[in-house]
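Everything below concerns the one structure shown next.
The values are calculated or read from the model by the stated rules, or taken from the named source; none is laboratory data. Since we're looking at a predicted model, the values are computed, not measured. Reconstructed Cβ throughout: ideal geometry from the backbone, glycine too, with neighbour counts over all protein chains shown.
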Amino acid sequence: MTTRRITNDDIRRTVKELCIKANTVLRPDVLEVLKKGADEEEKGSVSEKMMRILIENAAMAEKETMPICQDTGLVSVFLEIGEDVSIEGKGLKDAINKGVEEAYKDTFLRKSVVADPILRDNTGTNTPAIINLDIVKGDKLTIWVMPKGFGSENKGSICMMNPTCTEEDIVKFCTDTVKKAGSDACPPYILGIGLGGTMDTCASLAKKALLEPVGGKNKKPHIADMERRIREEVSNLGIGIMGLGGKSTVLGVRIKESPTHIAGLPVAVNLSCHALRSACAEL
């Protein structure tokens with residue numbers, strides 16, 4: 001098997017491009033469900049007008065290469081590196097952070113990262129990024145960039161449930177998380193939910209679930225059914241777009257699951273506002 005070589009400079013350049021794209025171009029799947037909500041679910045209401053404003057905002061952001069939202073987030077970078085890929089050059093982590101720094105500097109994106117959680121001194125570069133790395137089969141390198149704002153990030157929640165908990169208990173926990181968030185995190189929401197693993201991997205799964213197509217569903221029928229039930233229960237809260245009421249409290253629910261220990265059932269919910277920003281490239 002021939003080893004495929006990818007340079008750190010290729011990675012830096014790609015991360016930069018993805019940061020700019022994610023912040024200024026709303027994902028097509030998110031835009032599609034917004035348009036569907038305006039055309040069907042919220043037709044003739046104040047919520048319809050608000051949705052059309054969000055759609056207009058996305059169009060203007062893309063046209064002018066301006067941020068979809070003023071909170072340009074803390075950047076999470078997800079790498080899937082094929083076993084037959086060789087990365088040339090030193091400092092993969094530095095290359096990723098350099099790409100983020102250049103994107104935020106050149107496009108005048110807000111820099112929101114502080115170096116110390118207590119002293120709160122701004123790094124001035126929007127770095128370091130949160131880097132997640134998986135080794136997979138093949139000779140491809142896939143990079144996802146997700147700049148996640150903290151209006152919604154702050155409303156996430158995790159619960160280390162007992163293994164005897166029912167599906168109803170999980171649905172209730174996810175619904176209660178949105179209920180507590182109310183309108184504070186700029187609904188309509190997309191929910192990423194992690195099931196299983198450990199406390200840390202479960203939280204990571206919840207964020208990775210937000211990379212999945214909003215209108216899709218889990219391949220496992222019982223998990224797909226849980227996605228549907230959570231969406232229905234959350235919609236019944238009646239929070240609606242920006243707290244104005246209506247059917248569109250949530251645009252989509254995606255679940256990613258993982259094997260876990262016999263003694264536990266971790267569940268994590270990661271909320272995103274309508275500006276679910278991510279971009280992907282394959283090298």
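In table form, for the structure just shown:
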read-out: Counted residues, region 269-283 - those being part of a strand (DSSP E or B) and surrounded by 24 or more Cβ atoms within 10 Å (Cβ to Cβ); value: 4
read-out: Filter pass, K43 being farther than 23 Å from S204 by Cα, out of contact with any Ser or Thr (no Cβ under 9 Å at 6 or more places or on another chain), in a loop (DSSP other than H, G, I, E, B) and touching a residue at least 60 places away in the same chain (Cβ under 8 Å); value: no
read-out: Of all residues in region 245-268 being over 19 Å from the mean Cα position of the chain (by Cα) and in a loop (DSSP other than H, G, I, E, B), the one that is surrounded by the most Cβ atoms within 10 Å (Cβ to Cβ); value: G246
read-out: Set G44, G89, G99, G73: member being surrounded by fewer than 19 Cβ atoms within 10 Å (Cβ to Cβ) and in the same structural domain as I131 (by TED's automatic domain parsing); value: G89
read-out: For S86: the one exception among (1) out of contact with any Lys or Arg (no Cβ under 8 Å at 6 or more places or on another chain); (2) polar (S, T, N, Q); (3) within 17 Å of I6 (Cα to Cα); value: (1)
read-out: Region 54-70, residues that are assigned to a helix (DSSP H, G or I) and surrounded by 19 or more Cβ atoms within 10 Å (Cβ to Cβ); value: L54, A58
read-out: Filter result for the condition that a residue is closer than 29 Å to K49 by Cβ and either in a helix (DSSP H, G or I) or of a type in the set (V, I, T) (or both), over M226, M242; value: M242
read-out: Unmet criterion (only one of (1) assigned to a strand (DSSP E or B); (2) closer than 16 Å to E257 by Cα; (3) within 14 Å of the chain's Cα centre (by Cα)) for A206; value: (1)
read-out: Every pair of residues 6+ apart whose Cβ atoms lie under 9 Å, when the first sits in region 155-170 and is in the same structural domain as S183 (by TED's automatic domain parsing) while the second is hydroxyl-bearing (S, T, Y); value: K155/T177; K155/Y189; G156/T177; S157/T177; C159/T177; P163/T260
read-out: Residue check for A185: in contact with a Gly (Cβ under 6 Å, 6 or more places away or on another chain) and part of a loop (DSSP other than H, G, I, E, B); value: yes
read-out: Region 210-223: number of residues that are assigned to a loop (DSSP other than H, G, I, E, B) and either under 19 Å from the mean Cα position of the chain (by Cα) or surrounded by 13 or more Cβ atoms within 10 Å (Cβ to Cβ) (or both); value: 9
read-out: Matching strands (runs of 3 or more DSSP E) fully within region 103-169 where at least 1 residues are among the charged types (D, E, K, R); value: 130-136, 141-148
read-out: First in region 126-140 and of a type in the set (D, E, K, R), second anywhere and exposed (fewer than 13 other Cβ atoms within 10 Å of the Cβ), Cβ under 9 Å, 6 or more apart; value: K137/E83; D139/M1; D139/T2; D139/T3; D139/E83; K140/E282
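Quick grid of which residues meet (1) out of contact with any His (no Cβ under 9 Å at 6 or more places or on another chain); (2) modelled with pLDDT of 95 or more; (3) aliphatic (A, V, I, L, M):
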| residue | (1), (2), (3) |
| --- | --- |
| S86 | yes, no, no |
| G89 | yes, no, no |
| K111 | yes, yes, no |
| P117 | yes, yes, no |
| N122 | yes, yes, no |
| T142 | yes, yes, no |
| P147 | yes, yes, no |
| K155 | yes, yes, no |
| M160 | yes, yes, yes |
